[in-house]
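Participant: One structure follows; several queries about it will come next.
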Amino acid sequence: MGMTENDSQSPKRRRRRRSRRRGSGNQSGTAQTQQKQSGEQKAPQQKSDGEQKPQQGRRRNSRRRPQRNPQKSQHRSPNRAQQNNRMVTRDETSAGGLVVSGLAEAVNDAGEVDLSRIYVALIGRLDRRGRLLWSMPKGHVEPGEDRRATAEREVWEETGVHGETFADLGVIDYWFVSEGVRIHKTVHHHLLRFIDGDLNDEDPEVTEVAWIPVSELIEHLAYADERKLARTAHDLLPDLAREEKAAGRATPR
């Protein structure tokens, strides 16, 4: 039998109708899925305010901090400044200085002084880091002892060299704490003329002893206060050396 035009078009129409039905079914299913998701997302909003739980990480501590009692705060332990004020304070006095060798020999015929030919004795001590720190010999003044006599005694005990004081160099003072006591120490420094003796480090508190040229004295000293005294020595020693030569004094060998 022959196929008419209607017959030839009917299968296409049926396919289109089926595809439309299928598409409408998918759209309805998608809509239902979105409704379910939207319903799930909106579900927490339906809870009452009393049933809502706080978000994580924002919990508040229901316990209240106790209020400070102003009367108790006034009775707290004193701060460090108050403790330092209450700390026992003690004054101490020491004396020492530089024993000088080669004064007269450092002056030439023209009256010029070569500081590299003048030597002074310094002591070296190791600090906690193992560094060797150079300083001037000094020690405590005994009761009834003259400061110049103390300087001569301490120089001999710490260097092994005997010297005679012939000029004042200067005074320094500083504070430190020892065994819970604040100590104010004053140290009187003198210049000593070399008499005799050989350098030694027999003092247990001394690590090393050495003759240092006055021209290198400032850079050797570890402490700023003593470096200031070394500058004073630079100014005093040229005139003192000329006086030693004029008096006919020579350094013992």
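The values are calculated or read from the model by the stated rules, or taken from the named source; none is laboratory data. What you see is a predicted model; the values in this text were computed from it and never measured. Virtual Cβ from ideal backbone geometry, glycine too; neighbours counted across all protein chains shown. Accessible surface areas use protein heavy atoms only, side chains included; no ligands, DNA or RNA. Shrake-Rupley method; radii C 1.70, N 1.55, O 1.52, S 1.80 Å.
Participant: Quick test of your reading of the structure: GLU216 fulfils all but one of (1) over 29 Å from the mean Cα position of the chain (by Cα); (2) among the acidic types (Asp, Glu); (3) part of a helix (DSSP H, G or I). Name the failing condition by number.
Facilitator: (1)
Participant: Continuing with the same structure: So ASP196 ticks every box in (1) exposed (fewer than 14 other Cβ atoms within 10 Å of the Cβ); (2) of a type in the set (Asp, Glu); (3) part of a loop (DSSP other than H, G, I, E, B) but one. Which box is left unticked?
Facilitator: Going through the list (1) exposed (fewer than 14 other Cβ atoms within 10 Å of the Cβ); (2) of a type in the set (Asp, Glu); (3) part of a loop (DSSP other than H, G, I, E, B), ASP196 breaks only (3).
Participant: What about VAL171, is it among the hydrophobic types (A, V, I, L, M, F, W, C), open to solvent by 50 Å² or more (accessible area, probe 1.4 Å) and within 31 Å of the chain's Cα centre (by Cα)?
Facilitator: yes
Participant: Right, something else. For the subset of the range 111-153 comprising residues that are without any contact (Cβ under 8 Å) to a residue 24 or more places away in the chain and within 17 Å of GLU226 (Cβ to Cβ), which member is most open to solvent (accessible area, probe 1.4 Å)?
Facilitator: Here the answer is ARG131.
Participant: Does the range 154-172 contain at least one residue that is in contact with a Phe, Trp or Tyr (Cβ under 7 Å, 6 or more places away or on another chain) and farther than 21 Å from THR93 by Cβ?
Facilitator: There is at least one residue in the range 154-172 that is in contact with a Phe, Trp or Tyr (Cβ under 7 Å, 6 or more places away or on another chain) and farther than 21 Å from THR93 by Cβ.
Participant: Pull out all pairs, ordered by first then second residue, where Cβ-Cβ is under 6 Å, the residues are six or more apart or on different chains, the first lies in the range 154-183 and is in a strand (DSSP E or B), and the second is small (Gly, Ala, Ser) and surrounded by 14 or more Cβ atoms within 10 Å (Cβ to Cβ).
Facilitator: If the second residue must be small (Gly, Ala, Ser) and surrounded by 14 or more Cβ atoms within 10 Å (Cβ to Cβ), the pairs left are VAL161/ALA121; VAL161/GLY197; HIS162/GLY197; THR165/ALA151; LEU169/GLY97.
Participant: Show the residue pairs that are 6+ apart or on different chains and have beta-carbon atoms under 9 Å apart, the first residue being within the range 232-253 and under 15 Å from PHE166 (Cα atoms), the second being among the small types (Gly, Ala, Ser) and surrounded by fewer than 15 Cβ atoms within 10 Å (Cβ to Cβ).
Facilitator: Sorted first by the residue in the range 232-253, then by its partner, the pairs are ARG242/GLY111; GLU244/ALA250; LYS245/GLY111.
Participant: Please go through the range 217-231 and pick out each residue that is touching a residue at least 24 places away in the same chain (Cβ under 8 Å) and open to solvent by 30 Å² or more (accessible area, probe 1.4 Å).
Facilitator: First, the residues of the range 217-231 that are touching a residue at least 24 places away in the same chain (Cβ under 8 Å): 217, 220-223, 225-226, 228-229.
Result: HIS220, ALA222, TYR223, ASP225, LYS228.
Participant: State all residues of the range 69-110 that are in a loop (DSSP other than H, G, I, E, B), open to solvent by less than 70 Å² (accessible area, probe 1.4 Å) and at pLDDT 95 or above; if no residue qualifies, say none.
Facilitator: If the condition is that a residue be in a loop (DSSP other than H, G, I, E, B), open to solvent by less than 70 Å² (accessible area, probe 1.4 Å) and at pLDDT 95 or above, then GLY102, LEU103, ASN108 are the ones that fit.
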